[in-house]
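> Sharing a structure, written as structure tokens. Questions coming.
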Amino acid sequence: MKYDVIVVGGGHAGIEAAHMTAFKGHKTILITMNIKNIGDMPCNPSIGGTAKGIIVREIDALGGLMGKIADKSHFQIKMLNNSKGPAVRSLRCQADKITYPKNMLEALRNQKNLTIKEGKVENLLIKNNQVEGVSLETNEEIKGDIVILTTGTYLKANVLIGSESKKQGPHGEDRSNHLSDNLKKLGFDIQRLKTGTPPRIKASSIDFSKMQEEKGDNQLWTFSFDEKPIYDINNQQKCYLLYTNQKTHEIIMNNLNKSAMYGGYVTGVGPRYCPSIEDKLVRFKDKERHQLFLEPESLYYDEWYLQGFSTSMPKDVQTQMVHSLQGLENAQITKYAYAIEYDAINPLQMKPTLESKIIANLYTAGQINGTSGYEEAASQGLIAGINASLKLENQEPLILKRNEAYIGVLIDDLVTKGTKEPYRMLTSRAEYRLLLRHDNADLRLRNIAWQVKSITKEQYQNYQNKLQKLNECQKYLQTTKLNLTKEIKNTLKEFNITINKNQQSLYELLKRPEITTDLLPKIINIPYNNEILEEIEIQIKYEGYLNKTIKEVEKKAKLDEKQIPEDIDYTKIKNLASEARQKLEQIRPISIGQASRISGVNPSDISILIIYLKKEYGKNEPRSI
Amino acid sequence: MEDTIAAIATNNIGIGAINIIRISGNEALKIIQKIFSNKKISQAKSHTIHYGYIMDNDQKIDEVLVTIMKAPKTYTKEDVVEINCHGGFEVTRKILSLILKQNARLAEKGEFTKRAFLNGRINLLEAEAVEDLLESSTSNQSTLAMNHLTGKTTELINSLRDQMAALLANIEVNIDYPEYIDELVITKANITPVLTSIKTKLEQIIKEAQNGQIIKNGLKVAIIGKPNVGKSSLLNALLEEEKAIVTDISGTTRDVIEGSIIYQGIIINFLDTAGIRKTTDKVEKIGVEKSKTIMNQADLIILVLNQNEKLTTEEEELIKNIGNKKAIIFLNKQDLPTKIENLSTNLPIILGSAKIKKGIEELKDNIISQFNLQNIENKNLTYLTNIRQISLAKEALQLINQAINANKKDIPIDMVSIDIKNAWECLGKIIGQYYEEELIDNIFSRFCLGK
């Protein structure tokens, strides 16, 4: 039996990869160690968040599953950063840890061309630096043209609680023992990373009355551009806010040496944005308290996730720590917090297509590439799936640009700068974030998706319909004038707004900061929904800023168009600074644009490179990749 | 689209009688149109030369010849404009600054040639020479930038950048971690004071940069007035007093200097205003037009009036024309009876007599005080001295002003932060200490967040 595509791993990256290659008509097998863990959420029970919520929308625009399934599986959803500007708004939902994987498995089972198999992959079958399949722990061999590795935190995973260290993956699952060694033999540069997760608390042992409620939004939302909201807005689950206190801090500081991190039991590098509570205390000594959140894991079991309290302390200390918190005096810990160490590859060794530079037809996605987060993983899985398919179809690969998607920023950062800690997406990483908004993910990406055939005709039609509505609405706003009747004047007065001139078009009015699309429907009946109005409002209100950003993009675009041939020999280029030469040699950027983003490559090196290319390759500038 | 670049194309600026500024790129014609007296210049035929003035709005900066060369038959194969200017080094720099304020940036070393090669204008052999010119590592821009700066300035810029980084990191944290309500939430109310203080300091830096140039090159003072008011005797009085040092500041200016003195450590150069002084016009006209040109070249003007005569209309017009320019009125011939009347001006007036050397000290003190130079203790201080640095500082100031304005309106904080971030990057480029991940590092070193 031979497959077109073998996907190793059934986490968020593996799901999207396998779904996409199968959707695109390629015979696909997804191999997971445990079918029950497909789409599992071993850490926080939420999907989305700042920047991440926008990634979920991008995944949806490109034909991925995450947004759709999240829409079906959450018990609370809200829009973050509503007041801070349109570019940084982002959805986050509390996803049910039972429902989400269940709905995901169902979606995969309904997908044509996709087989799911349990098994543990321990080696790759390689011939002439090209992958030909995988072999399992049982020595069974599975052949395939393309292999996509999405091993998550399972490569040589170690779970640490205090001085206790166990050779296992999350939830006490089995780990892969040999795959990372075998990758190393092939020339992969293996790094050790670390992450962690906080304790889980039994719901019935929590006194919620001592905590502050955190509710969902009063407005209906969906991640997906193709789905209608199906949840009950009034029946959303609450989360709770609580704080650490002096006593908690004393317990932690007195037991610091017992933690896996400070006791010297951990070798992996952890992310700065996900520090353990002991890290937070050590690094920010002056802070009197730290915020924590309690979030339900599922409606089907009574475990709550204590966000902000990730730790690698031994169990007895964890119990003391939890009991010091207000409302958790009698709390029962159902799962102790742990730190987990795992092997990852150096992302500088992969191409922007997510194919390995070392082994042809081998793709990697998710935490194996050094990232952190469900959304970051899913988006890479999707891109790996699309590019694997395109390769099988003999088509040009899909490389999203930094001005097109957060996914583009993510992958470009990985393959250009590499990462020394698990990489989390932040809005601050996107220099063109004003263009990369949650509201326009479909406008940015659906056309691209249609070209690479990663969406259905219906999904493309939804996008076309939105475009048409935007056009109509724009015309409507430009031609509809506000007639200042007494009634309207009175309404305006309520909102403290004065309009002097009669008969101004709504379009003109929207240029004023105080006149918003939330307000307009209260004054005049508008035949367009909020999504359409908001889109146009953003274009009107922030035109100046948008244009500035677009200008910046255009300035850089030319550099990205200049491709560097794959076979370029950097030792032949005179005058390159030695640091630049070494970095270019290692990263082998595909374009002048990418080269210019490498730290240590100076503008003068770029000039030299451009001149060399012109000289060597002249007018027939070859395309790379 | 390639951007438009400009630079002074002549070597050893200042030594020759003419300097050439070259502009190349799509915007070249638009730019010259904006700053040239002939507003139809962009429609001129290719490869033609045009006479006129470089204008800063209504102000004449210099009398020039402009060569228009349209793509593709040019050195770079792009639209090229060359300006032959006559006004000496300072004026050349001023014109270049004007161009850079439009949509052009300063060309890097060898960049015109680089474009010529990339656009297929010059051959391989010539390109080799360019490659050597671009020799890396040693000519790293940031090290170059560093060489021009020392202690105090860098410190000042660093502290400004620190303030901005703290503000930005805080804004970013509010955006990326909205659930952390314990962190200070940045609002318009607490941004404005920080921005205003940054603005004030930036203005200070820019002002001192201008002082820095004065300290390096000296002040240029023009003595103007109608014939026979005593301009020559005033000049002689000024020069004699200080045992006039003779003008040999070549390499810095081509302006013809009548003489120079050093007063309180500052070089004061008196421009040759012979053109006005020696006018033989029978109706005793001052030559207002000519005066304007000279006024533009000078840092400060001394207008000499004879208090023994009534004001003429030309003199009144001249006073009006001084506008915002730094100037002093020297009311000469105090040894004779007063006949002048209706002298209304906000300019400082010194009563004196060149003949009996009265008011000369006072005049010199006044010159120095107009530039606030008496307070500068260490005259060897290094300031932002090159055009690149100064234009970056000005750009930063402009961005901060935009941010302040946006903040006054209902613009969301995310947008406001764009301008602050760009300003912060401008300052980073001045001191050559800027890296992409800097802001992210800042966020995590300043704030405590995470699961």
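The values are calculated or read from the model by the stated rules, or taken from the named source; none is laboratory data. Small disclaimer: the values here were computed from a predicted structure and weren't measured. Glycine gets a Cβ as well: all are built from the backbone with ideal geometry, and neighbour counts include every protein chain shown. Ligands, DNA and RNA are stripped out before the accessible areas are found, and what is left, the full protein with its side chains, is counted by its heavy atoms. Shrake-Rupley method; radii C 1.70, N 1.55, O 1.52, S 1.80 Å.
> Would you work out which of B:318, A:144, A:596 lies farthest towards the positive end of the dipole of the protein assembly as shown? Charges go on Cβ: Lys and Arg +1, Asp and Glu -1.
Of the candidates, B:318 comes out farthest on the positive side.
> Sort B:69, A:33, A:1 by heavy-atom solvent-accessible area, probe 1.4 angstrom, most to least. Numbers along the way, then the final one.
Numbers: B:69 35, A:33 65, A:1 155 Å².
Listed by decreasing accessible area, they come as A:1, A:33, B:69.
> A follow-up question, please. Normalise the Debye intensity by I(0) for region A:498-559, one equal point scatterer per Cα, no solvent, then take log10 at q = 0.14 Å⁻¹ and round to two decimals.
Per q value, in the given order, log10 I(q)/I(0) is -0.51.
> Given charges of +1 on the Cβ of Lys and Arg and -1 on the Cβ of Asp and Glu, with all other atoms neutral, how large is the dipole of chain A about its Cα centre, in debye to the nearest 20? Walk me through the numbers on the way to the answer.
Numbers: 87 positive and 76 negative charges, 263 e Å.
My answer is approximately 1260 debye.
> Could you give P(r) for region A:162-211, binned at 10 Å from zero, as whole percent values over all Cα-Cα pairs?
16, 33, 25, 14, 9, 3
> Then there is this: Can you run phi through the Karplus equation (6.51, -1.76, 1.60; θ = phi - 60°) for region A:565-582 and list ³J(HN,Hα) in whole Hz, with x for Gly and Pro?
For region A:565-582, the Karplus curve yields x, 5, 8, 4, 10, 5, 5, 7, 8, 5, 6, 5, 5, 5, 5, 5, 4, 5 Hz.
> Got a number for the accessible area of residue B:197? Probe 1.4 Å, square angstrom, nearest 10.
For residue B:197, solvent-accessible area is about 40 Å².
> How would chain A be classified by its alpha-carbon gyration tensor: rounded, prolate or oblate, with rounded meaning a/c under 1.5 and the a/b versus b/c comparison settling the rest?
Details: a/c = 1.58, a/b = 1.09, b/c = 1.44.
Here chain A falls in the oblate category.
> Turning to a different aspect of this structure: Between the alpha-carbon centers of region A:172-223 and region A:457-506, tell me the distance in whole angstrom.
Centre-to-centre (Cα) distance: 45 Å.
> Another question, then. Which whole-Hz couplings ³J(HN,Hα) result when phi for each residue of region A:106-114 is put into the Karplus expression 6.51 cos²θ - 1.76 cosθ + 1.60, θ = phi - 60°, listed in order with x for Gly and Pro?
Once rounded to whole Hz, the list reads 4, 4, 5, 5, 7, 7, 5, 6, 10.
> Give me the summed buried accessible area for the A-B pair, 1.4 Å probe, to the nearest 100 Å². Kindly include the intermediate steps, with their values, before the conclusion.
Values: alone 27640 and 23140 Å², together 45390 Å².
Summing both chains' loss of accessible area gives about 5400 Å².
> Here is a follow-up. Find which of A:395, A:251, A:353 sits farthest along the positive direction of the dipole of the protein assembly as shown, computed with +1 on the beta-carbon of Lys and Arg, -1 on that of Asp and Glu, about the Cα centre.
Farthest along the dipole direction, towards plus: A:395.
> Any chance you could check the Cα centroid distance between region B:293-368 and region A:260-310 for me, in angstrom?
75
> Then there is this: With a cut-off of 8 Å between alpha carbons and a minimum separation of six or more residues, what is the relative contact order of region A:457-545 in percent? Mind showing how you got there, number by number?
Numbers: 60 pairs, mean separation 29.6, N = 89.
For region A:457-545, the relative contact order is 33 percent.
> In the full protein assembly as shown, how much of residue A:258 is accessible to a 1.4 Å probe, in Å² to the nearest 10?
We get 100 Å² for residue A:258.
> Quick query: amide H of residue B:107 versus all other amide H atoms, modeled in the peptide plane; which residues come in under 5 Å with a sequence gap of 5 or more or a different chain?
Amide H to amide H, under 5 Å and 5 or more residues apart or across chains, residue B:107 pairs with B:6, B:7.
> Among bridges DSSP assigns within the protein assembly as shown, what percent are antiparallel (round to 5)?
Working: 87 of 128 bridges.
Given both bridge residues lie in the protein assembly as shown, the antiparallel proportion sits at roughly 70 percent.
> What are the principal axis extents of the Cα atoms in region A:562-617, in Å, biggest first?
The principal-axis extents, from largest down, are 25, 20, 18 Å.
> Turning to a different aspect of this structure: Please compare each pair in A:489/B:409; A:194/A:315; A:84/A:228; A:614/B:394; A:280/A:357 to a cut-off of 30 Å on the Cα-Cα distance and tell me which ones are over it. Provide the component values of the computation, followed by the final result.
Values: A:489/B:409 23 Å; A:194/A:315 19 Å; A:84/A:228 26 Å; A:614/B:394 36 Å; A:280/A:357 38 Å.
Beyond 30 Å: A:614/B:394; A:280/A:357.
> Follow-up question, since we're still on this one. Plugging the Kirkwood radius over Cα pairs into Stokes-Einstein for region A:200-338, at a temperature of 37 °C and a viscosity of 0.692 mPa s, what D comes out in µm²/s?
Working: Rh = 16.6 Å.
Translational D for this selection: 198 µm²/s.
> I need the shape label for region A:471-625. Rule: rounded when a/c is under 1.5, else prolate if a/b > b/c, else oblate, with a, b, c from the alpha carbon gyration tensor.
prolate
> Related question: Could you order A:304, A:450 by accessible surface area, starting with the largest, using a probe radius of 1.4 Å? All intermediate terms of the calculation are to be shown ahead of the outcome.
Details: A:304 25, A:450 60 Å².
The residues order as A:450, A:304, largest area first.
> Per residue of A:602-611, how many C-beta atoms from partner chains lie within 10 Å of its own C-beta, taken as a mean? Provide the component values of the computation, followed by the final result.
On the way: counts 6, 6, 11, 4, 2, 11, 6, 0, 3, 8.
So the per-residue partner count for this stretch is 6.
> Tell me, what is the 1.4 Å probe accessible area of residue A:192, in Å² to the nearest 10?
So the heavy atoms of residue A:192 present about 60 Å² to solvent.
> If the reach is capped at under 12 angstrom between alpha carbons, list the aspartates and glutamates near residue B:357, excluding any in the same chain fewer than eight residues apart.
Partners within reach: B:240, B:241, B:335.
> Please list, in order along region A:139-147, the HN-Hα scalar couplings obtained from phi with the Karplus expression 6.51 cos²θ - 1.76 cosθ + 1.60 (θ = phi - 60°), rounded to whole Hz, x for Gly and Pro.
Per residue, the Karplus-derived 3J(HN,Hα) values read 6, 5, 10, 10, 9, x, 6, 10, 10 Hz.
> Hey, another quick one. Quick one: compute the contact order of chain A, relative version, from alpha carbon pairs under 8 angstrom and 6+ residues apart, as a percent.
16
> Using the crude model of +1 on Lys and Arg Cβ and -1 on Asp and Glu Cβ, and no other charge, please compute the dipole size for region A:1-136 relative to its Cα centre, in debye to 20. Walk me through the intermediate numbers first.
On the way: 19 positive and 11 negative charges, 54 e Å.
With Lys and Arg at +1 and Asp and Glu at -1, about 260 debye.
> In what order, largest first, do A:495, B:117 sit by accessible area if the probe radius is 1.4 Å? Write down the numbers at each step before the final one.
Numbers: A:495 85, B:117 15 Å².
The residues order as A:495, B:117, largest area first.
> Tell me the volume per residue, in Å³, of the convex hull enclosing the alpha carbons of region A:457-545.
Working: hull volume 8.5 nm³, N = 89.
With only Cα atoms used, region A:457-545 gives 96 Å³ per residue.
> For region A:562-617, report the accessible area per residue in Å² (1.4 Å probe, heavy atoms, rounded to an integer). Walk me through the numbers before you get to the answer.
Values: 2200 Å² over 56 residues.
In whole numbers, region A:562-617 has 39 Å² accessible per residue.
> Starting from the amide H of residue A:191, placed 1.01 Å from N in the peptide plane, find each other amide H under 5 Å away whose residue is 5 or more places distant or on another chain.
Amide H neighbours of residue A:191, under 5 Å, 5+ apart: A:344, A:345, A:346.
> Give me the log10 of I(q) over I(0) for region A:127-184 at q = 0.16, 0.27, 0.28, 0.30 Å⁻¹, as the Debye formula computes it from C-alpha points; what are the numbers?
With one equal scatterer per Cα and no solvent, log10 I(q)/I(0) is -0.61, -1.20, -1.24, -1.29.
> Relative contact order for region A:562-617: what is it in percent, counting Cα pairs under 8 Å that are at least 6 residues apart? Walk me through the numbers on the way to the answer.
On the way: 45 pairs, mean separation 22.3, N = 56.
Result for region A:562-617 is 40 percent.
> Dipole of the protein assembly as shown, Cα-centred, from +1 at each Lys and Arg C-beta and -1 at each Asp and Glu C-beta, to the nearest 20 debye? It would help to have the intermediate numbers written out before the result.
On the way: 142 positive and 134 negative charges, 338 e Å.
Magnitude of the dipole: close to 1620 debye.
> Quick one: with all protein chains in place, what share of the accessible area of region A:562-617 is carbon or sulfur, to the nearest percent (1.4 Å probe)?
On the way: 1030 of 2200 Å².
Carbon and sulfur together cover 47 percent of it.
> Consider all pairwise Cα distances in region A:75-184 and report the whole-number % of them above 20 Å. Spell out each step's value before the answer.
Working: 3786 of 5995 pairs.
Percent of Cα pairs beyond 20 Å in region A:75-184: 63.
> What value does region A:1-123 have for Rg/Rh, both radii from Cα atoms and Rh as Kirkwood defines it? Let's see the in-between values first.
Working: Rg = 15.5 Å, Rh = 15.2 Å.
Looking at region A:1-123, the ratio lands at 1.02.
> I need the P(r) histogram for the protein assembly as shown: all alpha carbon pairs, bin width 20 Å from 0 out to the longest distance, whole percents.
11, 34, 32, 17, 6, 0
> Put +1 on the Cβ of each Lys and Arg and -1 on the Cβ of each Asp and Glu in the protein assembly as shown; which of A:161, A:177, B:18 then has its Cα farthest toward the positive end of the dipole?
It is B:18.
> For residue B:271, which sequence-distant residues (separation of 5 or more, or a different chain) have an amide H within less than 5 Å of its own amide H, given hydrogens modelled in the peptide plane?
The list, which skips near neighbours in sequence, is B:221, B:222, B:223, B:258.
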